[in-house]
Amino acid sequence: MKEILLMTHVMLGVLSILASLWVFVDALNASEGNLERIRLLSRFVPMVMTAGFLVAGYWYVNLYPADKAIILKGPWPFAHDFFMETKEHLVLMLLLLAAYLPIVASANLALNHDARRLTLWVSALIVLMGLLMEGEGGVISMGVRMGLLTH
Ligand code: HEM
């Protein structure tokens, strides 16, 4: 069961990345026809990002310490010391960007070019930082495997 928690946070993280990418592409082609979809998707992003954060946070506090000990005793201590340490700080920026997205995307992006440009930047930053979180997660997970393989 506990592994399902780990996989669930990844799934929710990836959903927030894909929804932000959709907002980006729709905002690039903003028109009266897709404004409602942009607004709906922009509200979906903070919902799944927050759910992912809560699930991952539970894992991090209750279950990760065992994996952290394996990583630090193994050949890839940087998987925790650098990648997990930066990941847990990056997520705070991601949560702020995700909270801001529906606010800026509530404007009429077909008419308001400043709001459209801001929506493009915010959604693009969520996608790029989400992919970074994904990559860091992969390094952390490999750090556990390297630790298990060498002990
Ligand atoms: C966009 C959001 C996120 C994405 C895409 C993401 C992705 C991933 C991936 C792919 C892994 C490797 C899973 C595996 O073992 O195969 C992982 C591991 C991990 N993530 Fe995330 N993550 C996200 C957010 C978070 C947050 C917010 C936290 C904590 C506050 C977090 C904490 C962790 C921890 C502790 C691990 C290591 C699990 C272990 O091996 O014990 N992640 N993440």
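The values are calculated or read from the model by the stated rules, or taken from the named source; none is laboratory data. Nothing here was measured: the structure is a model prediction, and the numbers come from that model. Cβ coordinates were reconstructed from backbone atoms using ideal geometry, including for glycine residues, and neighbour counts include every protein chain displayed. Ligands, DNA and RNA are stripped out before the accessible areas are found, and what is left, the full protein with its side chains, is counted by its heavy atoms. Shrake-Rupley method; radii C 1.70, N 1.55, O 1.52, S 1.80 Å.
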**Message:** Quick check: at a probe of 1.4 Å, how many percent of the accessible area of the range 1-115 sits on carbon and sulfur atoms?
**Reply:** 74 percent
**Request:** Report relative contact order for the chain in percent, whole number only (criteria: Cα-Cα under 8 Å, sequence separation at least 6).
**Result:** 36 percent
**Asked** Where a ≥ b ≥ c are the square roots of the eigenvalues of the C-alpha gyration tensor, would you call the chain rounded, which needs a/c under 1.5, or, failing that, prolate if a/b is larger than b/c, or oblate?
**Response** prolate
**Item:** Probe 1.4 Å, protein heavy atoms only - accessible area per residue of the range 11-57 in square angstrom
**Value:** 51 Å²
**Request:** Whole Å is fine, so just give me how far the alpha carbon centre of the range 89-151 lies from that of the range 14-37.
**Result:** 15 Å
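Can you sort MET146, MET1, MET129, MET7 by 1.4 Å-probe accessible area, starting with the largest? Walk me through the numbers before you get to the answer.
Details: MET146 50, MET1 170, MET129 25, MET7 125 Å².
In descending accessible area the options line up as MET1, MET7, MET146, MET129.
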**Asked** Between ALA56, ALA110, ALA98, which gets the highest mean-square fluctuation from a Gaussian network model of the chain, Cα cutoff 10 Å?
**Response** ALA110
**Prompt:** Say each of ASN112 and LYS2 gets a label point 7 Å from the Cα, pointing the same way as Cα to Cβ; how far apart are those two points in nm?
**Reply:** 4.7 nm
**Prompt:** To the nearest 500 deg cm²/dmol, what mean residue ellipticity at 222 nm is calculated for the chain from DSSP H runs of n ≥ 4 alone, each contributing -39,500 (n - 2.57), summed and divided by the residues?
**Reply:** -28500 deg cm²/dmol
**Prompt:** Tally Lys/Arg at +1 and Asp/Glu at -1 over every other residue whose Cβ is under 15 Å from the Cβ of GLY13; what's the total?
**Reply:** -2
**Request:** Indicate the helices, whole DSSP H runs only, in the chain that combine a mean Kyte-Doolittle hydropathy of -1.0 or more with a Cα extent along their long axis of 20 angstrom or more.
**Result:** 2-28, 35-62, 85-104, 113-149
**Prompt:** Using 7 Å Cα-to-Cβ label points, what is the TYR58/GLU88 separation (nm, one decimal)?
**Reply:** 1.9 nm
